[in-house]
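Below is one structure; the comments refer to it alone.
The values are calculated or read from the model by the stated rules, or taken from the named source; none is laboratory data. Just so you know, these numbers come straight off a predicted model, no measurement behind them. Reconstructed Cβ throughout: ideal geometry from the backbone, glycine too, with neighbour counts over all protein chains shown.
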Amino acid sequence: MLTHTAEDYLERIYLLSLRLGSVKTSDIANEFGIRTPSVISALKLLKEKGFVHYQKYGAVVLSEKGMEKALDVYDRHKTSYRFLRFVLGVPDSTASSDACGMEHVISSETVAAMKDFFSFLTSKKDEGVDIQKEFQEVRRKRLGSGNEKEKRGENIGEDCPLSVVKDRIPCKVLKLNGTREVKRRLLDMGVIPGETVEIRNRGPMGFPIEILIQGYVLTLRKDEAEFVIVREE
């Protein structure tokens with residue numbers, strides 16, 4: 001059985017590979033904020049267990065076994081994050097932090113139940129009943145807060161930011177721009193290159209937007225949507 005730290009390494013290597021293509025020990029060290037020798041020690045243990053392929057000064061590559069485990073941990077993380085952030089309306093930083101802990105202990109049964117609930121919310125939204133929005137409105141009133149809406153852009157190119165795409169147009173995510181923190185937040189949501197995304201709804205002033213991706217309805221601010229580069233399918 002892997003430790004929580006080992007699972008974090010596998011997940012981080014996977015996410016780094018999506019962002020960088022080729023992953024080096026220094027990339028992992030920068031991501032965790034630790035020294036490279038510590039990373040090398042951890043990689044040696046993961047290599048012994050058959051989770052990574054790694055040679056000194058070479059790229060770090062997940063084995064088939066390692067990729068399977070990394071995808072499982074990442075799925076648990078993003079499902080927990082989405083539920084906390086977009087269903088319960090927990091603040092982004094708190095949802096991300098809590099999801100990092102939940103990904104190691106949450107059961108497959110609970111993850112499946114969360115996914116079924118996401119599908120239920122989507123089906124109800126298609127019927128014109130937005131349970132998710134109703135709950136968040138109740139919570140927003142209780143907290144005494146509100147979201148500032150922003151004006152929608154109109155120009156669309158072949159490859160363009162998601163923020164300017166018309167509603168109900170399926171698009172493929174090509175790449176993510178922005179800072180490392182922005183990319184990490186988008187990856188946490190499941191907005192990854194290769195996925196199909198579609199804008200389903202907008203705020204009164206055009207933002208935030210609700211998107212459908214991987215069967216889930218998520219909410220993005222304008223500054224997040226501008227960093228998602230897409231192409232109409």
- Note on the structure: Filter segment 126-165 for residues that are in a helix (DSSP H, G or I) and among the β-branched types (Val, Ile, Thr); the one that is modelled with the lowest pLDDT is 138
- Note on the structure: Checked 194, 206, 190 against criteria (surrounded by fewer than 22 Cβ atoms within 10 Å (Cβ to Cβ) and in contact with a helix residue (DSSP H, G or I) (Cβ under 7 Å, 6 or more places away or on another chain)); the one match is 190
- Message: Condition (residue is within 22 Å of residue 174 (Cα to Cα), among the charged types (D, E, K, R) and touching a Phe, Trp or Tyr at 6+ places or on another chain (Cβ under 9 Å)) applied to segment 22-30: is it met by at least one residue?
- Response: no
- Give the residues of segment 12-35 that are within 16 Å of the chain's Cα centre (by Cα) and of a type in the set (Gly, Ala, Ser), sorted by residue number. 17
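Among strands (runs of 3 or more DSSP E) lying entirely in segment 181-233, which contain 1 or more residues that are farther than 14 Å from residue 86 by Cα?
On the way: elements: 196-202, 209-213, 216-220, 228-232.
Per the criteria, 196-202, 228-232.
Would you confirm whether or not segment 95-111 contains a residue that is under 24 Å from residue 199 (Cα atoms), at pLDDT below 95 and either in contact with a strand residue (DSSP E or B) (Cβ under 6 Å, 6 or more places away or on another chain) or not assigned by TED's automatic domain parsing to the domain that holds residue 21 (or both)?
Filtering segment 95-111 for residues under 24 Å from residue 199 (Cα atoms) gives 95-96.
Right, trim to at pLDDT below 95 and you get 95-96.
From what is left, the residues that are either in contact with a strand residue (DSSP E or B) (Cβ under 6 Å, 6 or more places away or on another chain) or not assigned by TED's automatic domain parsing to the domain that holds residue 21 (or both) are 95-96.
Within segment 95-111 (the criterion being under 24 Å from residue 199 (Cα atoms), at pLDDT below 95 and either in contact with a strand residue (DSSP E or B) (Cβ under 6 Å, 6 or more places away or on another chain) or not assigned by TED's automatic domain parsing to the domain that holds residue 21 (or both)), the answer is yes, since at least one residue qualifies.
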- Is there a residue in segment 45-61 that is farther than 19 Å from residue 100 by Cα, at pLDDT below 95, touching a strand residue (DSSP E or B) at 6+ places or on another chain (Cβ under 9 Å) and crowded, with 16+ Cβ neighbours inside 10 Å? yes
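Mind listing whichever residues of segment 190-208 are within 16 Å of the chain's Cα centre (by Cα) and in contact (Cβ under 8 Å) with a residue 24 or more places away in the chain? Don't jump to the end; show me each part of the working.
First, pick out the residues of segment 190-208 that are within 16 Å of the chain's Cα centre (by Cα): 190-198.
Selection gives 190, 191, 192, 193, 196, 197, 198.
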- Would you mind stating whether residue 66 is free of Cβ contacts under 8 Å to residues at least 60 places away in the same chain and either closer than 30 Å to residue 221 by Cα or assigned to a helix (DSSP H, G or I) (or both)? yes
- Query: Say we look at segment 107-118 and pick out the residues that are surrounded by fewer than 13 Cβ atoms within 10 Å (Cβ to Cβ) and not aliphatic (A, V, I, L, M); which of these is farthest from residue 182 (Cα to Cα)?
  - Reply: 109
- Item | Odd one out for residue 122 among (1) farther than 23 Å from residue 191 by Cβ; (2) touching a Gly at 6+ places or on another chain (Cβ under 8 Å) | (1)
- Task: Output the number of residues of segment 109-144 satisfying the condition of being touching a residue at least 24 places away in the same chain (Cβ under 8 Å) and more than 22 Å from residue 91 (Cα to Cα).
- Result: 2
- Item | Index of the failed condition, residue 14 passing every other in (1) of a type in the set (Ser, Thr, Tyr); (2) touching a strand residue (DSSP E or B) at 6+ places or on another chain (Cβ under 7 Å); (3) without any contact (Cβ under 8 Å) to a residue 60 or more places away in the chain | (3)
- Message: Suppose the filter is over 16 Å from the mean Cα position of the chain (by Cα), buried (at least 21 other Cβ atoms within 10 Å of the Cβ) and of a type in the set (Ser, Thr, Tyr); does residue 9 pass it?
- Response: yes
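Can you work out which of the residues in segment 65-106 that are polar (S, T, N, Q) and either buried (at least 19 other Cβ atoms within 10 Å of the Cβ) or closer than 21 Å to residue 14 by Cβ (or both) is farthest from the chain's Cα centre (by Cα)? Let's see the steps before the verdict.
The first filter runs over segment 65-106 and keeps only residues polar (S, T, N, Q), leaving 79-80, 93-94, 96-97.
Narrowing the set further to residues that are either buried (at least 19 other Cβ atoms within 10 Å of the Cβ) or closer than 21 Å to residue 14 by Cβ (or both) leaves 79-80, 96-97.
Working: 79: 9, 80: 10, 96: 10, 97: 13 Å.
Taking the candidates together, the pick is 97.
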